[in-house]
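Enquirer: Sharing a structure here in structure tokens format.
Each reported figure results from applying straightforward, stated rules to the coordinates on display, with no laboratory input. Note that the structure is a prediction, hence the values are computed from the model and not measured.
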Amino acid sequence: MDALVSFVKALAEAGCTLLQYRNKSGDARQMLTQARALKESFGGSVRFIMNDRADLCLAAGFDGVHVGQDDLTPESVRKIIGPDRWLGVSTHNPEQLREADLTSADYLAIGPVFSTSSKEKPDPVVGLNGVRRSRELTRKPLVAIGGITRSSAASVIEAGADSVAVISDLLREPGKSAEDFFRLLR
């Protein structure tokens, strides 16, 4: 847990204010313990989004939840988390994005933009053209996901994403990577 708090601290000090807690292998008790510890450690200085689990979002006092195509529907999640928490939805093609755009989701994610190693069975890569097409299909904030690095982030924003989600490029040097991202994307 100390390593996780240190990781988040490095990101927060670099200016990151929104983080998604994503734990695909932990049990619910472990996830809730970690989520509560993160929330307690950082209070209001970081907004936390819970991946997949609306119940744990509420129990940990997180600011929102992000769901994928195989999770609860956005409307089911909205009923659980209410109108004041953020709701994000991952999409992987224009049809999914159109459907998600009609929901109460606050933001939509598109990807994977590039090849990624953070998922066992990733969806097909959408590329920068997929980001451009997605931007044409929604006015909601658009988050690009999948394989985004410091060297590709600016091109993803130029293609129409409002922000980028990053995993692997942050894990190597969290503070340095976060600082680089903020400098690149300002």
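Enquirer: What residue among 169, 106, 27 has the largest mean-square fluctuation in a Gaussian network model of the chain, using Cα springs under 10 Å?
Expert: 27
Enquirer: Could you estimate the translational diffusion coefficient of region 2-185 from the Stokes-Einstein equation, with Rh from the Kirkwood formula over C-alpha pairs, at 25 °C and 0.890 mPa s, in whole µm²/s?
Expert: Result for D is 147 µm²/s.
Enquirer: Another question, then. Just need the relative contact order of region 135-183 here, percent rounded to a whole number, with Cα pairs under 8 Å and 6+ apart.
Expert: It comes to 37 percent, rounded to a whole number.
Enquirer: Here's another thing I want to ask about it. If I take every Cα pair under 8 Å that is 6 or more residues apart in region 2-185, average their sequence separation and divide by the length, what percent do I get for the relative contact order?
Expert: Contact order relative to length: 16 percent.
Enquirer: For region 27-120, what does the relative contact order come out to in percent, with C-alpha contacts under 8 Å and a separation of six or more?
Expert: Once divided by the residue count of region 27-120, the mean separation gives 20 percent.
Enquirer: Whole-Hz Karplus ³J(HN,Hα) for region 24-39, in order, using 6.51 cos²θ - 1.76 cosθ + 1.60 and θ = phi - 60°, x for Gly and Pro?
Expert: Here the 3J(HN,Hα) series is 7, 10, x, 7, 4, 5, 4, 4, 5, 4, 5, 4, 5, 5, 5, 4 Hz.
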